[in-house]
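Here's the structure, in structure tokens; my notes come after.
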Amino acid sequence: MEHAAAWLGEPRFTDGLLDSPVLNLPSHAREGWIEMVTTWHLYDWVSVGEQETVAEHWLSTPSPKLREVEDLVRRAAAHPLSFYQVVVKEPGRGMVLVDLLTGDEHYVFDRKLSVSLPERSITLGRLLPLQGLTILDAVGPRAFPPERAAGVHREVTELIGPEPWSHATLRSASTDMLDLYVRMTNEDDARALRPRL
């Protein structure tokens with residue numbers, strides 16, 4: 001964050017938060033989104049007039065860096081936000097997630113989410129392979145039922161074109177993925193507020 005403020009200036013970096021699709025949520029519904037906003041702001045958002053994300057600029061700037069931190073940032077920056085479905089859970093240990101957009105399966109170590117995310121549920125996240133393990137750099141605060149998978153696929157096709165989708169294509173569409181996730185959240189909230197007859 002310090003690098004971003006020094007590079008772009010504090011007001012410009014802070015204004016970047018105003019570009020976040022999360023602001024399309026009602027203010028009372030934004031709790032729990034800080035992790036997703038932070039990952040998007042560092043790894044996906046490109047300031048007006050710039051060509052790089054904050055992470056890409058930090059990586060390309062000659063300065064002393066801890067090798068481990070540089071490796072972590074490089075790995076996170078290489079992975080797109082994508083929609084994942086829980087395939088199998090080992091509560092208290094981890095879970096198998098399938099990327100709904102690429103078909104890739106990953107065993108993800110996360111003690112808390114392996115308990116709280118329902119099996120077959122869908123969420124948005126960014127995977128981070130780290131020293132032979134895969135963890136979640138960030139995960140959206142809302143899980144959707146498996147019936148939403150076809151809709152996600154259809155929406156992504158409309159946004160970025162037909163399959164196959166490479167990691168590079170998905171990386172360039174991360175803001176669209178976050179925007180879709182926010183729209184899905186708003187739709188669910190609106191549906192929950194409708195009176196039932």
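The values are calculated or read from the model by the stated rules, or taken from the named source; none is laboratory data. In this text, all values refer to a predicted model and were calculated from it rather than measured experimentally. A quick note on method: Cβ atoms are made from the backbone with ideal geometry, for glycine too, and the neighbour counts reach across all protein chains shown.
For beta carbons closer than 8 Å, sequence separation of 6+ or different chains, a first residue in the stretch 123-137 that is acidic (Asp, Glu) and a second that is part of a strand (DSSP E or B), the qualifying pairs are ASP137/GLY125; ASP137/ARG126; ASP137/LEU127; ASP137/LEU128.
Conditions (1) within 20 Å of LEU97 (Cα to Cα); (2) among the polar types (S, T, N, Q), marked per residue:
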site: VAL156; (1), (2): yes, no
site: GLY161; (1), (2): no, no
site: ARG183; (1), (2): no, no
site: ASN186; (1), (2): no, yes
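Rundown of residues vs (1) hydroxyl-bearing (Ser, Thr, Tyr); (2) modelled with pLDDT of 80 or more; (3) farther than 20 Å from ALA173 by Cα, yes/no style:
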| position | (1), (2), (3) |
| --- | --- |
| HIS3 | no, yes, yes |
| LEU8 | no, yes, yes |
| ARG12 | no, yes, yes |
| ASP19 | no, yes, no |
| LEU23 | no, yes, no |
| HIS28 | no, no, yes |
| GLU31 | no, yes, yes |
| THR38 | yes, yes, no |
| TYR43 | yes, yes, no |
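In the set GLU187, GLU105, GLU158, which member is of a type in the set (Asp, Glu) and either over 24 Å from SER20 (Cβ atoms) or touching an Asp or Glu at 6+ places or on another chain (Cβ under 6 Å) (or both)? Spell out the reasoning first.
Values: GLU187 fails: either over 24 Å from SER20 (Cβ atoms) or touching an Asp or Glu at 6+ places or on another chain (Cβ under 6 Å) (or both); GLU158 fails: either over 24 Å from SER20 (Cβ atoms) or touching an Asp or Glu at 6+ places or on another chain (Cβ under 6 Å) (or both).
Within the list GLU187, GLU105, GLU158, the selection yields GLU105.
If only one of GLU31, GLU105 is more than 16 Å from GLY140 (Cα to Cα), among the acidic types (Asp, Glu) and within 18 Å of the chain's Cα centre (by Cα), which one is it? Among GLU31, GLU105, only GLU105 is more than 16 Å from GLY140 (Cα to Cα), among the acidic types (Asp, Glu) and within 18 Å of the chain's Cα centre (by Cα). Within the stretch 52-71, the residues that satisfy the criterion of being within 20 Å of PHE13 (Cα to Cα) and assigned to a helix (DSSP H, G or I) are VAL54, ALA55, GLU56, HIS57, TRP58, LEU59, SER60.
Answer with yes or no whether VAL22 is out of contact with any Ser or Thr (no Cβ under 7 Å at 6 or more places or on another chain), in a helix (DSSP H, G or I) and within 24 Å of SER166 (Cα to Cα).
no
Against the condition in contact with a Pro (Cβ under 6 Å, 6 or more places away or on another chain) and either among the β-branched types (Val, Ile, Thr) or outside the structural domain of ALA143 (by TED's automatic domain parsing) (or both), how does VAL115 come out, does it pass? Quick ask: steps written out before the conclusion?
Values: in contact with a Pro (Cβ under 6 Å, 6 or more places away or on another chain): yes; either among the β-branched types (Val, Ile, Thr) or outside the structural domain of ALA143 (by TED's automatic domain parsing) (or both): yes.
Against the criterion (in contact with a Pro (Cβ under 6 Å, 6 or more places away or on another chain) and either among the β-branched types (Val, Ile, Thr) or outside the structural domain of ALA143 (by TED's automatic domain parsing) (or both)), VAL115 qualifies.
Determine whether the stretch 42-51 contains at least one residue that is in contact (Cβ under 8 Å) with a residue 60 or more places away in the chain, hydroxyl-bearing (Ser, Thr, Tyr) and in a helix (DSSP H, G or I). Yes; the residues of the stretch 42-51 include at least one that is in contact (Cβ under 8 Å) with a residue 60 or more places away in the chain, hydroxyl-bearing (Ser, Thr, Tyr) and in a helix (DSSP H, G or I). Once the stretch 126-171 is narrowed to residues that are closer than 16 Å to ARG74 by Cα and polar (S, T, N, Q), the residue that is nearest to the chain's Cα centre (by Cα) is THR134.
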